[in-house]
1. Could you tell me which of the pairs K23/K189; K189/K256; K103/K206; K103/K141; K179/K256; K114/K166 are separated by over 32 angstrom between their Cα atoms in the structure shown?
2. Given an 8 Å cut-off on Cα distances and at least 6 residues of separation, report the relative contact order of region 106-173 as a percent.
3. First measure r as the distance between the Cβ atoms of E182 and E47, then evaluate 1/(1 + (r/R0)^6) with R0 = 45 Å and state the FRET efficiency to the nearest 0.05.
4. Give me the one-decimal nm value for the distance between modelled label points at A148 and I252, 7 Å along each residue's Cα-to-Cβ direction.
5. Using packing as a proxy for protection, rank 201-214, 15-28 so that the peptide with the highest average count of other Cβ atoms within 10 Å comes first.
6. What residues qualify as long-range amide H neighbours of I30, i.e. H under 5 Å apart, gap of 5 or more or another chain, H built at 1.01 Å from N?
7. Using the basic label-point model (7 angstrom from Cα toward the beta carbon), what is the R106 to V37 distance in nanometres?
8. Where the eigenvalues come from the Cα gyration tensor of region 2-166, what are the semi-axes √(5λ) of the equivalent ellipsoid, largest first, in whole Å?
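Please treat every number below as a calculation from the coordinates, not as lab data. Everything quoted here is computed from the prediction, not taken from an experiment. So basically every Cβ, Gly included, is an ideal-geometry build from the backbone, and we count neighbours across all protein chains shown.
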Amino acid sequence: MDFTIFYFSATGNSLEIARKIAKELGDCSIKPMTAQVPGEPVGGPGESVGFIFPVFYNGLPRLVKRFAERLVINPGTYCFAVANSGGTRANPLGMLEDILFRKGIRLSYAEEVKMPGNYIVGHQAPSSEKVRQILGDANVKVDKAARAIAGGERKPVIRKAELWSKITNRSYLYKNINKWDEAFLTTGKCTGCGLCTEVCPVCNIKMEDRRPVWQHNCERCLACIHWCPCEAIEYGKKTVRRRRYHNPNVKIADIKRGCSCENI
Ligand SMILES: Cc1cc2nc3c(=O)[nH]c(=O)nc-3n(C[C@H](O)[C@H](O)[C@H](O)COP(=O)(O)O)c2cc1C
Ligand code: SF4
Ligand code: SF4
């Protein structure tokens with residue numbers, strides 16, 4: 001069986017999971033969702049497709065939703081998905097399956113993993129000790145899932161809190177999403193290095209006079225704020241003095257490779 005994993009990752013958690021599963025599967029390529037050319041078919045006999053992504057507001061990130069809606073996939077393909085979050089009890093996998101179902105696909109294997117939460121706008125990221133503990137627990141779960149997927153096992157989606165997930169996720173998707181980035185600002189710590197422009201998965205940041213300027217097409221992934229090497233980005237006053245986070249096993253170069261504006 002040939003495996004392809006599509007992932008979306010802002011702070012590296014999803015990418016770490018994708019890599020671990022790919023290692024166990026062997027013949028597996030990993031591809032950022034942003035790199036998939038619209039209209040290019042995937043899956044089919046002898047091929048398996050995986051989706052690995054973070055939970056945003058109890059559901060799918062807009063970028064993942066758009067990717068799944070546009071995906072051309074052969075019906076009957078063995079598909080698996082791993083959603084990861086700070087530990088929410090919600091229905092992201094059900095939402096993904098609802099989109100795939102219209103293309104003749106059911107998720108054969110669906111898993112959720114708790115990872116360090118990166119929603120710095122709402123709360124502080126965990127301490128490094130807590131991060132180690134969460135990643136240790138996640139490792140065990142991901143290894144188990146990887147072995148099961150390699151063995152073609154089945155684990156259907158368990159739908160949870162469907163209505164609540166739908167309402168909260170919809171309010172993110174449709175309520176002023178593009179203008180959300182108006183609250184980003186840079187402090188005097190900004191050196192004008194431009195790294196924030198390179199980690200943005202949708203090229204929503206442009207440099208003007210050696211300062212980042214947000215272009216109002218934001219996915220809210222928070223990669224820019226977490227990866228800025230000078231901690232020079234704030235989201236209004238909400239993020240001041242809050243700890244930044246990125247997965248300790250993922251480098252900024254890996255995140256940059258996941259950014260591609262041609263297919264957005
Ligand atoms: C905009 C946004 C919304 C989020 N919403 C939730 C949520 O509803 N529940 C939750 O447990 N975690 C939530 N998170 C945390 C992420 O799902 C979690 O940290 C994930 O592991 C990040 O993956 P990544 O490092 O691959 O980007 C949210 C993060 C962001 C950036
Ligand atoms: S990454 Fe940080 S320091 Fe570099 S340009 Fe962006 S805001 Fe400024
Ligand atoms: S501007 Fe920042 S939060 Fe918005 S999509 Fe780009 S990296 Fe993510």
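1. Working: K23/K189 39 Å; K189/K256 22 Å; K103/K206 37 Å; K103/K141 29 Å; K179/K256 24 Å; K114/K166 20 Å.
Too far apart for the 32 Å limit: K23/K189; K103/K206.
2. On the way: 37 pairs, mean separation 30.2, N = 68.
Dividing the mean separation by the residue count of region 106-173 yields 44 percent.
3. Details: r = 43 Å, r/R0 = 0.95.
Efficiency, rounded to the nearest 0.05: 0.55.
4. 3.7 nm
5. Values: 201-214: 16.1, 15-28: 19.9.
Descending packing order for the listed peptides: 15-28, 201-214.
6. Residues meeting the amide H criterion: I5.
7. The two pseudo-label positions are separated by 3.4 nm.
8. Numbers: eigenvalues 116, 66, 43 Å².
Taking √(5λ) for each Cα gyration eigenvalue gives 24, 18, 15 Å.
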